[in-house]
Amino acid sequence: MLTLATDLDALTRFGRALADPIRCRLLLALREAPAYPSDLAETLGISRTRLSNQLACLRDCGLVVAVPEGRRSRYELADARLGHALDDLRTAVLAVEADKTCPAAEAKGCC
């Protein structure tokens, strides 16, 4: 049974998904168009096993869905608005100066 995530839960899930570079690359690829796992593995240059684990995480986070097509499943973003959110986040990150970090990054273990 599907349920709607609370605001805090949704942000936590989104953050967890974005914490891994491979998952970020997967989300950006799926932002462009739905795809089959074999194609995604080839595009990203990773094994199908590793891809499967990352897709499972993104499914658990509620960000992607598997759409059965005969004997195969096609993956896509769970909501088209996620593509817009990724664009907004990507743009915001690009606006940050690459050589600047939080002054307390080492002490706090952040950034």
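The values are calculated or read from the model by the stated rules, or taken from the named source; none is laboratory data. This one's a predicted model, so the numbers in the text were calculated from it and none came from an experiment. We place every Cβ from the backbone using ideal geometry, glycine too, and count neighbours over all the protein chains shown. Areas reflect the complete protein model, heavy atoms only, side chains present, ligands, DNA and RNA absent. Shrake-Rupley method; radii C 1.70, N 1.55, O 1.52, S 1.80 Å.
For Arg31, the requirement of being within 14 Å of Tyr75 (Cα to Cα), open to solvent by 60 Å² or more (accessible area, probe 1.4 Å) and of a type in the set (Lys, Arg) is met.
Taking first residues from segment 33-51 that are farther than 13 Å from Ile22 by Cα and part of a loop (DSSP other than H, G, I, E, B) and partners that are modelled with pLDDT of 95 or more and not charged (D, E, K, R), the Cβ contacts under 7 Å between residues at least 6 apart in sequence or on separate chains come to Pro34/Tyr75.
Inspect segment 58-75 for any residue being part of a helix (DSSP H, G or I), hydroxyl-bearing (Ser, Thr, Tyr) and touching a helix residue (DSSP H, G or I) at 6+ places or on another chain (Cβ under 9 Å) and give the result as yes or no. No: segment 58-75 contains no residue that is part of a helix (DSSP H, G or I), hydroxyl-bearing (Ser, Thr, Tyr) and touching a helix residue (DSSP H, G or I) at 6+ places or on another chain (Cβ under 9 Å).
Summed over segment 1-28, the residues that are assigned to a helix (DSSP H, G or I), surrounded by fewer than 15 Cβ atoms within 10 Å (Cβ to Cβ) and not hydrophobic (A, V, I, L, M, F, W, C) give a count of 5.
Whenever a residue of segment 63-82 is over 19 Å from Asp20 (Cβ atoms) and open to solvent by 80 Å² or more (accessible area, probe 1.4 Å), its partners that are outside any loop (DSSP other than H, G, I, E, B) and polar (S, T, N, Q), lying with C-beta atoms within less than 9 angstrom and at least six residues away or across chains, give the pairs Arg72/Ser38.
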